[in-house]
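Before any comments, here is the structure.
Values in this text are rule-based calculations from the coordinates and carry no lab data. A quick note: this is a predicted structure, and the numbers were derived from the prediction, not measured. Cβ sites come from the backbone with ideal geometry, for glycine too, and all protein chains shown count toward neighbours.
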Number of protein chains: 2
Amino acid sequence: MLRYDFEKRTGKPLYEYLYECLKKDILSGRLPAKTKLPSKRELARNNSISVKTVMNAYDQLLVEGYITSREKSGYFVAKDIETVPDYQPSFTEYPVLYQEKSWFADFTSNHMVYEMFPFTQWRKVMRDVLSSYDLELVQRAHFQGVGELREAIADYLFRVRGMQVSPECIIIGSGIEYLYSRLMKILPSDAVYAAESPGYKKIPLIYREHGVSWTYTEMDEHGIDIKSLRDSGADVVHVSPEHHYPLGTIMSAPRRQELLEWAAEKLERYIIEDDYDCEFRYHSRMIPTLQSTDKNHRVIYINTFSKTLSPTIRISYMVLPEKLMQRYLDRATFYSNTASSCEQYALANFIRQGYFERQISRLKKHYHERGELLLGIIQGAEKMPVKKITGDDSGTHLLVYLDTELPDTVLKWFAEQMGVHISCLSEFCGQNEAQYQHVMIMNYSDLSEDVLKEAVARLENIFDPEIIL
Amino acid sequence: MLRYDFEKRTGKPLYEYLYECLKKDILSGRLPAKTKLPSKRELARNNSISVKTVMNAYDQLLVEGYITSREKSGYFVAKDIETVPDYQPSFTEYPVLYQEKSWFADFTSNHMVYEMFPFTQWRKVMRDVLSSYDLELVQRAHFQGVGELREAIADYLFRVRGMQVSPECIIIGSGIEYLYSRLMKILPSDAVYAAESPGYKKIPLIYREHGVSWTYTEMDEHGIDIKSLRDSGADVVHVSPEHHYPLGTIMSAPRRQELLEWAAEKLERYIIEDDYDCEFRYHSRMIPTLQSTDKNHRVIYINTFSKTLSPTIRISYMVLPEKLMQRYLDRATFYSNTASSCEQYALANFIRQGYFERQISRLKKHYHERGELLLGIIQGAEKMPVKKITGDDSGTHLLVYLDTELPDTVLKWFAEQMGVHISCLSEFCGQNEAQYQHVMIMNYSDLSEDVLKEAVARLENIFDPEIIL
């Protein structure tokens, strides 16, 4: 006989509680398929509840197909109900579909030095925003991003990069990839995109993801090779004139001029200027952006706070030429802004109060020392057949040119066996890998002195015949 | 003679300060184009600084092209420098490229009732996260989204929707549009997408934006019309079985079964189940999701917190069948997660501590009353030729069927003249608008009693021959 403790129902309507008890028993298998259920009258009597209550519960179960009713013969548990044991989520239960490898030292990508994150100031601005802002935190933000932040960014760009930018032409988004996806929608659909080779790996990946037609262009010591750009037939090109990744090239002034002229030649040619780590230049000052030099509205300026502040603060931005801005307004206004409002306000204050620039100079000092340190360690590694080392004048990675016969793949494999994850310049090439062999790229931003020393020592062993070969 | 006050240089290196002064004077036009600059010696003497200092400053200006040097004759301000007045951003300066219209009453879209946002609890969880979390806040989050939140969502989905979902198959993103864009990359590139007609306007827009091939399918009173779905030749269909927008239809159990069967017939057929406002059902209980009924891994479940919590908390999620999850892992792991980590942790705690469900029931009560209120007001509006009103059993909008000859466009125009923004069912149709004429859709979620009364009174006037016709 089915009896339930209606004391336990904690404010729920009787019928709902009964419905849940029955459903639970059906799902747990306590009431197996095809079981005949007590009549409404009987169940009501046993639980001293009204027939109406039972009826409501049964009806709901009928609607949801847990039970069936047969003319004259009453109610039955449905045939093919999958019974489920009471579900208690716990990590062991889940298939872990993805696992990240861990390394003793990972030189393949730059992580920020988390310990250096300005927790105190960030917590302060976040708390301020949380307490002093109210409806702004919940009202749909402007689809281009919070106005205060766009103004703060415009001021910052003027102060630090001498750029004159209207907040009205700034679009804030949660990450470069996202902004890229928005951008591709307002550029001509038949545009051919160019990625630098060697160059930042993510760009070709993004092009592929979006199924646009794209091509590679060559680099030389002054930056992107304009001839190869022309030959490629591209309309849109992604460049980082201030600091090429991974080559570290600063695009020369004449080359910048050539590039801008190339863009000006056709109406729908554009340059995407990725200014990703302009802040980290150690020996000379920053060079003005293409965006600020361009008179023909062909430059789209992109930058992010994820690299300078924290990858978890998903705030990037792009500055559009007015023509493109107009298109964006015409076509994309139905998209909501994707970045958190609270963090946008917080960041605006973080910049306004000078915390951001202070943090930049802290990081700059830190990265510079870290780079010098690694440079010294490698120079001291006698067994390592180093031809030359470049990249110590800016950014957060070094290029180590090796005098070796070891193919890059073998070099990497040896390194991996010793828990050191490195990448080689050749991996960043879409074509002509041959001329970029035997160059290790070492991103050092978040590696401690001990790790650097030990890692280089391990790499050194690769070239010690007694140990490896 | 050029003299600068080196007292003002506030710790900057002399050469840098001099460089800045000169640059400033060049840009401001104080040193016009082609002006001959004093020789290094002279400038050094006048400012009692070393020649080396002047040299460094001049060199930097040369590199950046602000000045030129001529053999034997010295340094000159470059020819074509654009002089800029000292820049002080202020709103008046900016071209305002986009302005949102404002209305006395806007029935065209649902905004949350901002005053009802649980500020106290949200601030609490945010503050807790800010103070008790540390590195988690800055370390790159799992690309699928913060684990804690995915677990909290899995538990929530089980508690509230009886769904059994592994956090490993949940992907968190900043908004439905974003998740959609990710999803389209792992569905077959030649897939044909179907949008309901009438249906949620954003879906066709998203399809268009992504340039996928797509089509419309018809609706009937039981939900999506399977025959028209078959005829459309679609492989992927977007539906909201729990509550269709704008019709308000609950898809019937048999129709759900048919739909799942349709999907099972082919390997790459999928159903995107948008459960957007499942929580707001007033008279009956929620019906189990397609996702939990489906045995063939054909259902992609999508939902968002932007509608239930706040549009500024950009956290949405989708639950992928394992096959698609595997594809996502293979192909999209290079994308960073786009939602703010801090808010993801906060939301996880917000759900865990029961605040979320409490907020839902508060909103549910509020919206229900609001709906009843509007229903009453319209029923009381004698001059309005109301045939029937539907939609009061769930969600946050009513459908008002009118007995009128006025074309929808004219009706809307009259309403707009009176500051009332309404949309009509016919606007939500991709085809066969004819059969959906004369139905007003009234989203009421954030409109106060006074506004509702006044707005309905104004709408009533449209049908008062003495006033309008």
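Using only the alpha-carbon atoms, how far is helix B:341-352 inclined from the longest principal axis of chain B? Give it as 0 to 90 degrees, nearest 10.
30 degrees
Would you please give the FRET efficiency between A:SER131 and B:LEU135, computed as 1/(1 + (r/R0)^6) with r the Cβ-Cβ distance and R0 = 25 Å, to the nearest 0.05?
0.55
Averaged across the residues of B:165-178, what count of C-beta atoms belonging to other chains lies within 10 Å of each residue's C-beta?
Counting Cβ atoms of other protein chains within 10 Å of each residue's Cβ and averaging gives 4.
What nm distances, shortest first, do you get from the label point of B:LEU205 to those in the other copies when the point sits 7 angstrom along Cα to Cβ?
Copy-to-copy label distances for B:LEU205: 3.0 nm.
Please compute the contact order of segment B:375-469 in relative form: average sequence separation of alpha-carbon pairs under 8 Å and at least six residues apart, divided by the residue count, as a percent.
31 percent
Return one number: the angle in degrees, 0 to 90 and rounded to the nearest 10, between the long axis of the Cα atoms of helix B:119-132 and the longest principal axis of the Cα atoms of chain B.
Taking Cα atoms only, the helix is inclined about 50 degrees.
Taking the Cα centre of segment B:317-469 as origin and charging only Cβ (+1 Lys, Arg; -1 Asp, Glu), how large is the dipole, in debye to the nearest 20?
860 debye
Could you list B:HIS142, A:HIS397 so that the one with the fewest beta carbons within 10 Å of its beta carbon is first and the one with the most is last?
Ascending number of Cβ neighbours within 10 Å: B:HIS142, A:HIS397.
Can you give me the long-range amide H partners of A:ASP106? Hydrogens built in the peptide plane at 1.01 Å from N, cutoff under 5 Å, separation of 5 or more residues or another chain.
So A:ASP106 has HN proximity to A:HIS421.
Can you give the FRET efficiency to the nearest 0.05 for B:TYR401 and A:VAL63, using r as the Cβ-Cβ distance and R₀ = 35 Å?
Numbers: r = 26 Å, r/R0 = 0.75.
With R0 = 35 Å, the Cβ-Cβ based efficiency is 0.85.
Measuring label to label, 7 Å along Cα→Cβ, what does B:SER448 give against each other copy in nm, shortest first?
Its label point is 5.9 nm from the equivalent points in the other copies.
Under the rule of at least 5 residues apart or a separate chain, name every residue whose amide H is placed under 5 Å from the amide H of A:THR249.
A:HIS244
Kindly write out, for segment B:444-454 in residue order, the coupling ³J(HN,Hα) from the Karplus curve 6.51 cos²θ - 1.76 cosθ + 1.60 (θ = phi - 60°), rounded to whole Hz, with x marking Gly and Pro.
10, 3, 10, 9, 6, 4, 4, 4, 4, 4, 4
Compute the Cα gyration tensor for segment B:141-225, then decide on rounded, prolate or oblate, letting a ≥ b ≥ c be the square roots of its eigenvalues: rounded whenever a/c is under 1.5, prolate when a/b is larger than b/c in the other cases, and oblate in all that remain.
Note, shape of segment B:141-225 comes out oblate.
Please work out how much length the chain gains when fully extended from A:GLU268 to A:ARG45, using 0.36 nm per residue of separation minus the C-alpha to C-alpha distance, in nm with one decimal.
Result for the pair: 72.3 nm of gain on full extension.
Provide the FRET efficiency to the nearest 0.05 for the A:GLU71-A:ALA33 pair, computing r from the beta carbons and using R0 = 22 Å.
For A:GLU71 and A:ALA33, the calculated efficiency is 0.65.
Which loop GluC sites (Glu not before Pro) in segment A:233-319, with loop taken from DSSP, have no more than 15 other Cβ atoms within 10 angstrom of their Cβ?
A:GLU268
Compute, for chain B, the length of the dipole vector about the Cα centre, with Cβ point charges of +1 (Lys, Arg) and -1 (Asp, Glu) only. Units Debye, rounded to 20.
2560 debye
Say a label goes 7 Å from Cα toward Cβ at B:ASP464 in every copy; what distances in nm does this one have to the rest, shortest first?
With the label placed 7 Å along Cα→Cβ, B:ASP464 yields 9.6 nm.
I'd like the Karplus ³J(HN,Hα) series for segment A:310-317: coefficients 6.51, -1.76, 1.60, θ = phi - 60°, whole numbers in Hz, and an x wherever there's a Gly or Pro.
Going residue by residue, I get 5, x, 8, 8, 7, 10, 10, 8 Hz, with x marking Gly and Pro.
For segment A:172-240, which GluC sites (Glu not before Pro) pass both filters: DSSP loop (anything but H, G, I, E, B) and at most 14 other C-beta atoms within 10 Å? Working shown, then result.
Values: sites: A:GLU177, A:GLU196, A:GLU209, A:GLU218, A:GLU221; in loops: A:GLU221.
Those that pass, being in a loop and sparsely packed, are A:GLU221.
Testing the spin-label approximation: label points 7 Å from Cα along Cα→Cβ at B:SER448 and A:THR409. State their distance in nm.
About 7.2 nm separates the two model spin labels.
If the cut-off is 26 Å between C-alpha atoms, which lysines fall inside it for A:LYS323, apart from same-chain ones fewer than 8 positions away?
Within reach: A:LYS185, A:LYS266, A:LYS295, B:LYS101, B:LYS202.
Measuring from centroid to centroid over Cα atoms, what is the spacing of segment B:386-433 and segment A:394-469 in Å?
67 Å
Evaluate the relative contact order of chain A (contact order divided by residue number), counting alpha-carbon pairs under 8 angstrom at least 6 apart; express in whole percent.
So the answer I get is 17 percent.
Taking H as built 1.01 Å from N, whose amide H comes closer than 5 Å to the amide H of A:GLY145, not counting residues under 5 places away?
Those lying under 5 Å, H to H, from A:GLY145 are A:ILE172.
Modelling each spin label as a point 7 Å along the Cα-to-Cβ direction, I'd like the A:SER361/A:GLU382 distance in nm, to one decimal.
4.2 nm
Hey, what number do you get for the protein assembly as shown at 222 nm if only DSSP H runs of n ≥ 4 count, each worth -39500 (n - 2.57), divided across all residues, to the nearest 500? Mind showing how you got there, number by number?
Details: 30 runs with 360 residues, N = 938.
Value at 222 nm, helices only, nearest 500: -12000 deg cm²/dmol.
Please label the shape of segment A:429-469 as rounded, prolate or oblate, based on the square roots a ≥ b ≥ c of the eigenvalues of the alpha-carbon gyration tensor (a/c under 1.5 means rounded; beyond that, a/b larger than b/c means prolate, else oblate). Don't jump to the answer; show the numbers that get you there.
Details: a/c = 5.10, a/b = 1.27, b/c = 4.02.
It comes out oblate by the Cα gyration axes.
Convert each backbone phi in segment A:319-329 into a coupling constant with the Karplus relation 6.51 cos²θ - 1.76 cosθ + 1.60 (shift: θ = phi - 60°), then list the ³J(HN,Hα) values in order as whole Hz, x for Gly and Pro.
Once θ is set to phi - 60°, the couplings for segment A:319-329 become 10, 9, x, 4, 4, 5, 4, 4, 4, 4, 5 Hz.
Could you compute Rg(Cα) / (2.2 N^0.38 Å) for chain B, with N its residue count?
1.36
Roughly how far apart, in whole Å, are the Cα centres of segment A:179-201 and segment B:145-172?
First find each Cα centre; the distance between them is then 35 Å.
Sort segment B:1-70 into rounded, prolate or oblate with this rule: let a ≥ b ≥ c be the square roots of the eigenvalues of the Cα gyration tensor; rounded if a/c is under 1.5, and if a/c is not under 1.5, prolate when a/b is larger than b/c, oblate otherwise.
Cα axes put segment B:1-70 in the rounded bin.
Could you tell me which residue out of B:SER28, A:THR289, B:ALA194 lies farthest along the dipole of the protein assembly as shown toward its positive end? Charges go on the beta carbon: Lys and Arg +1, Asp and Glu -1, centred on the Cα centre.
Toward the positive end, the furthest listed residue is B:SER28.
Select from segment A:381-445 those GluC sites (Glu not before Pro) which occupy a DSSP coil region and have at most 11 other Cβ atoms within 10 Å, ordered by residue number.
Sparse-neighbourhood loop GluC sites (Glu not before Pro): A:GLU382, A:GLU405.
Give the distance, in whole Å, between the Cα centre of segment B:62-78 and the Cα centre of segment B:13-34.
13 Å
How far apart, in nanometres, would the label points at A:ASP464 and A:THR120 be if each is projected 7 angstrom from Cα along the Cα-to-Cβ direction?
4.4 nm
List A:SER316, B:SER189 from most exposed to least, where exposure is judged by having the fewest other Cβ atoms within 10 Å. Mind dumping the intermediate values first?
Values: A:SER316 24, B:SER189 10.
The order, fewest Cβ neighbours first, is B:SER189, A:SER316.
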